[in-house]
């Protein structure tokens, strides 16, 4: 069985603040993939990043960065210097050895001008 | 390259009616899946397929049927619609890597209301 928990339901920040979204996962498999998706108000789901369980390097892409820690089963996502266009629902997801992708409940980020 | 397409975008059904949500992808992906999205619950997997002729149940399969006769198409059938099936439905596809779905490409979604 696999499970993803996003404890933060909603986060509201003022533009230019940093915001960190927490993601904790559970799986018995040693090989798995972790993902982050963004769902802007328009409703489509946009892939942001995939992380392989064997690769614990942190990743930075522009204002986005991800911190993967196997020791705490966490894959946290930080938006630096947030902008209004970052307002969206962000989902963390996990796929392991049973063909299924499990999503967290999502965190709604609101960035106020 | 259209990616993943879904039809219709919106649908209103009466309780007890049946209908089929269409999903097609043109990326030759082995893996296709259907999710429903309800407020506060994220996306929940309804059914998935790892290739033509192969389907299996996800987390919330009751009340839904699927089939996969071709690599491209993966329709979702509601047998007898109920108000509890009011939701936004997303179809997605991906390659498989060592039996695990890779990043999924999502369709634009179908907003279904059952009255």
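Every read-out reported here was derived from the displayed coordinates using simple, explicitly stated rules and does not represent laboratory data. All figures in this text were calculated on a predicted structure; none of them were measured in a lab. Reconstructed Cβ throughout: ideal geometry from the backbone, glycine too, with neighbour counts over all protein chains shown.
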Item checked: Rg in Å to one decimal, and Dmax rounded to a whole Å, for chain A via C-alpha atoms -> 13.7, 43
Note to self: Cut-off 10 angstrom, C-alpha nodes, Gaussian network model of chain B. Which of B:78, B:43, B:21 fluctuates the most?
What the structure shows: B:43
Margin query: Need one value for A:44-56: mean number of C-beta atoms belonging to other chains within 10 Å of its residues' C-beta atoms.
Written below: 2
Item checked: Percent of beta bridges antiparallel (DSSP, chain B, rounded to nearest 5) -> 90
Notebook entry, point to check: Can you give the average number of partner chain beta-carbon atoms within 10 Å of each beta-carbon in peptide A:86-96, as a whole number?
Noted result: 2
Checklist line | Sequence ranges B:79-91, A:63-75, ranked by mean other-Cβ count within 10 angstrom, highest first | finding: B:79-91, A:63-75
Checklist line | Rounded Å value of the spacing that divides the Cα centres of segment B:1-49 and segment A:1-61 | finding: 23
Note to self: In Å and on Cα atoms, what radius of gyration and Dmax does the protein assembly as shown show?
What the structure shows: 17.6, 51
Item checked: Translational D in µm²/s for chain B (Stokes-Einstein at 20 °C, 1.002 mPa s, Kirkwood Rh from C-alpha pairs) -> 153
Notebook entry, point to check: Assuming R0 = 35 Å, what is the FRET efficiency of residue A:73 and residue B:82, from their Cβ-Cβ distance, to the nearest 0.05?
Noted result: 0.45
Item checked: Cα gyration tensor shape for segment A:54-113, rounded if a/c is under 1.5, else prolate or oblate -> oblate
Note to self: So, R0 is 35 Å and r is the distance between the beta-carbons of residue B:27 and residue A:84; what FRET efficiency does that work out to, to 0.05?
What the structure shows: 0.60
Next item on the list: For an R0 of 22 angstrom, estimate the FRET efficiency from the Cβ-Cβ distance between residue A:18 and residue A:108 and round to the nearest 0.05.
Entry: 0.80
Note to self: Counting only other chains, and only Cβ atoms inside 10 Å, what mean value do you get across the residues of A:103-110?
What the structure shows: 3
Margin query: Sort A:31-43, A:2-14 by packing, meaning the average of other beta carbons within 10 Å per residue, with the highest value first.
Written below: A:31-43, A:2-14
